[in-house]
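**Student:** I have a structure I would like to understand better, so I am pasting it below and will then ask my questions one at a time.
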């Protein structure tokens with residue numbers, strides 16, 4: 001069921017319950033009022049007949065004749081009059097005797113003064129009547145045919161009115177629901193026009209309402225999606241370019257080696273060049289693999305309590321195995337042991353620290369890196385200093401983009417993935433990384449990771 005139909009149905013159902021209760025209350029009120037009014041009419045007619053019999057001295061036979069002649073008239077009641085000894089003084093129609101008075105009933109009338117009750121569909125009133133110091137007990141019974149007919153008419157009218165009102169409410173609510181949801185329908189149509197080839201399209205609304213908020217949220221999502229989509233295209237393009245270069249060099253070296261006769265030294269040089277190209281491809285694929293791991297959802301990455309000083313020393317040892325000429329100095333500020341602990345993934349943090357150490361050594365003129373570790377009260381702060389040429393100011397803002405290599409990239413080999421990988425890993429750990437670079441002095445990469 002569509003939302004507009006569901007809204008119309010629920011609103012109509014609520015209205016039906018509300019109006020149904022209101023209608024039923026009207027019916028019950030009229031039913032109660034009819035009953036009360038009819039009892040009063042019975043009392044009045046009973047007293048009138050007693051006045052005629054006792055005060056006006058009208059013969060009982062005359063009153064019975066009047067009763068017989070008007071028996072089929074609406075509201076015509078049957079009256080019986082007794083004395084306090086429960087002796088019958090008058091009865092409209094003894095042979096009919098609707099009430100069938102008993103001594104117990106008459107005693108109750110004598111005691112209470114008046115009683116009211118129903119006998120089948122007939123309403124009965126019992127009255128204690130005083131005349132010239134004498135007490136009389138009167139019963140009167142009547143059937144309110146006219147009142148019941150009016151009650152049936154009211155019931156039918158209320159039902160018809162309720163049905164008409166509910167129909168009007170349903171179609172009216174359906175109309176307004178459709179009108180209220182039309183912006184959503186238009187929004188859905190506009191969304192359907194957006195494809196991978198036109199991600200620059202945006203939803204536009206001038207009204208200030210909830211639909212506009214949805215449109216703005218969707219536009220923000222499109223901004224992120226377009227940025228991610230473009231980054232993916234650039235990523236794939238850069239991968240193809242980065243892999244094609246060493247592959248082309250590798251193929252060229254091997255082709256030349258097979259087509260020409262070379263001496264042992266030339267052949268060894270060709271093998272060495274091919275091995276260097278293969279290593280570059282290996283490093284690139286490893287960086288890409290690490291970048292992919294760092295792109296996992298945080299919930300899918302195993303985290304635990306780690307000591308930063310231990311991770312830095314392990315990174316130092318692993319890097320020295322591969323690059324024995326690198327000089328790495330670790331400096332730890334005086335701090336409590338607990339202030340060195342962070343919550344993170346050991347593999348990813350090792351990748352980050354090794355990348356930053358390797359970068360610093362590659363660009364330093366003396367292949368050195370100074371790592372300083374401290375704590376600012378909220379974060380473990382790790383600084384990686386190099387003695388390189390520095391990073392041009394225009395390159396600083398793009399230094400963490402995948403495959404971006406600045407003007408000084410020719411000074412050292414690299415894949416262009418390392419720094420973007422470091423930034424992603426640090427962000428996964430709810431930290432931040434920034435760079436402070438001065439021309440001809442060097443650069444300092446500062447990593448902040450929250451204390452455990």
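**Student:** Pairs please, first residue from segment 304-330 and surrounded by 15 or more Cβ atoms within 10 Å (Cβ to Cβ), second anywhere and in a loop (DSSP other than H, G, I, E, B), Cβ atoms under 6 Å, 6+ apart in sequence or on different chains.
**Tutor:** Close Cβ pairs (under 6 Å, with a partner that is in a loop (DSSP other than H, G, I, E, B)) amount to 326/367.
**Student:** Please go through segment 93-120 and give me each residue that is in contact (Cβ under 8 Å) with a residue 40 or more places away in the chain and in a loop (DSSP other than H, G, I, E, B), ordered by number. Break it down stepwise before answering.
**Tutor:** Narrowing segment 93-120 to residues in contact (Cβ under 8 Å) with a residue 40 or more places away in the chain: 98-99, 114, 116.
98, 99 - these are the residues of segment 93-120 that are in contact (Cβ under 8 Å) with a residue 40 or more places away in the chain and in a loop (DSSP other than H, G, I, E, B).
**Student:** Would you confirm, using the coordinates I've provided, whether residue 29 is in the same structural domain as residue 79 (by TED's automatic domain parsing) and surrounded by fewer than 12 Cβ atoms within 10 Å (Cβ to Cβ)?
**Tutor:** Numbers: in the same structural domain as residue 79 (by TED's automatic domain parsing): yes; surrounded by fewer than 12 Cβ atoms within 10 Å (Cβ to Cβ): yes.
Yes: the conditions hold for residue 29.
**Student:** Further question on the same structure: Among the residues of segment 376-398, count how many are within 15 Å of residue 330 (Cα to Cα) and either surrounded by fewer than 21 Cβ atoms within 10 Å (Cβ to Cβ) or over 44 Å from the mean Cα position of the chain (by Cα) (or both).
**Tutor:** Quick first cut of segment 376-398, residues within 15 Å of residue 330 (Cα to Cα) only: 380-386.
Narrowing the set further to residues that are either surrounded by fewer than 21 Cβ atoms within 10 Å (Cβ to Cβ) or over 44 Å from the mean Cα position of the chain (by Cα) (or both) leaves 381, 383-386.
The number of residues fulfilling the criteria is 5.
**Student:** Let me ask something else about it. Please determine whether any residue of segment 146-162 is part of a strand (DSSP E or B) and either outside the structural domain of residue 34 (by TED's automatic domain parsing) or in contact (Cβ under 8 Å) with a residue 24 or more places away in the chain (or both). Don't jump to the end; show me each part of the working.
**Tutor:** Filtering segment 146-162 down to residues part of a strand (DSSP E or B) leaves none.
Taking every residue of segment 146-162 in turn, none turns out to be part of a strand (DSSP E or B) and either outside the structural domain of residue 34 (by TED's automatic domain parsing) or in contact (Cβ under 8 Å) with a residue 24 or more places away in the chain (or both).
The values are calculated or read from the model by the stated rules, or taken from the named source; none is laboratory data. Predicted model, so just to flag it, every value in this text is computed and none were measured. Reconstructed Cβ throughout: ideal geometry from the backbone, glycine too, with neighbour counts over all protein chains shown.
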